[in-house]
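Input: a single structure, listed below in structure tokens.
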Amino acid sequence: PKITADWSVAAVTDERLHQLHTHWLALCGGRRMPSRGEFDPVHVPRPLLPHINLVDVMDPLDFRFRLVGTHWHDFVGQEVRGKLIGEVFPPGFCAEVREHWGDAVAQTAPKSGRGPLWIDERDYIRWQGVVLPLSAAGGNTVMALLVGAVFLRGNEAS
């Protein structure tokens, strides 16, 4: 089946993702985005840590998973650390992710979304996520994305 996510601002309803966004906003300090160097997982509230993924922004535009929270592996069952998104997501969904993560990079602004898991055998799992850009030190160029992800079984999803 074609996987289509809801990438609207209202898509995310999970409180953990709202807390991660609030943490990111505090790091912004009135700027458009914080730098990658300002983000330290040590300062993230402990219950959020399993949901955090750090993704490198490549040139030409592509994305590589650098740090992947345990929640991802628990629900998705894939080891994705060090992999490009094209190695993780099926082509149709990868194109969606590339488009929306690319928007976060181009606009230096957060994105959010939710949808069914991209793995046919696990389509009873739904995801919600936020994509929060991180700049190079003192710059306006996005060098990484802080991606918060929550996976829920069908009966838990809202």
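The values are calculated or read from the model by the stated rules, or taken from the named source; none is laboratory data. Keep in mind it's a predicted model, so treat the numbers as computed, not measured. Backbone-built Cβ (ideal geometry, glycine too); neighbour counts: all protein chains shown. The protein model used for the area step is the full one, side chains on, heavy atoms only, and it has no ligands, DNA or RNA in it. Shrake-Rupley method; radii C 1.70, N 1.55, O 1.52, S 1.80 Å.
Classify region 1-79 from the C-alpha gyration tensor, please: rounded if a/c falls under 1.5, else prolate or oblate depending on whether a/b exceeds b/c.
Values: a/c = 1.30, a/b = 1.25, b/c = 1.04.
Taking the square roots of the gyration eigenvalues as a ≥ b ≥ c, region 1-79 is rounded.
Of the heavy-atom accessible surface of the chain (probe 1.4 angstrom), what whole percent is carbon and sulfur? Please report the intermediate quantities before stating the final value.
Details: 4270 of 7940 Å².
Here it works out to 54 percent.
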Legend entry - For region 41-158, accessible area per residue (1.4 Å probe, heavy atoms of protein chains only), Å²: 47 Å²
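Mind checking the dipole of region 54-125: about its Cα centre, +1 per Lys or Arg Cβ, -1 per Asp or Glu Cβ, Debye to the nearest 20? Provide the component values of the computation, followed by the final result.
Details: 8 positive and 12 negative charges, 44 e Å.
Roughly 220 debye, rounded to the nearest 20.
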Inset, instruction - Take the alpha carbon atoms of region 23-67, find their center, do the same for region 117-141, and report the distance between the two centers in whole angstrom. - result: 11 Å
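Dipole size in debye (nearest 20) for region 13-79 around its Cα centre, Lys and Arg Cβ +1, Asp and Glu Cβ -1?
Details: 7 positive and 9 negative charges, 49 e Å.
Here region 13-79 has a charge dipole of around 240 debye.
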Legend entry - Computed over region 1-148, Cα set: Rg, Dmax in Å: 14.4, 44
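Cβ under 15 Å from residue 87's Cβ, residue 87 left aside: what net charge do those residues give with Lys, Arg +1 and Asp, Glu -1?
Details: positive: 64, 66, 81, 83, 98; negative: 56, 62, 79.
Within the 15 Å Cβ shell, the charges total +2.
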Legend entry - Positive-end extreme of charge dipole, region 41-95 - chosen from 63, 92, 78 (charges on Cβ): 78
Legend entry - Size of charge dipole - the chain - debye, nearest 20, with Cβ of Lys, Arg +1 and Asp, Glu -1, no other charges: 280 debye
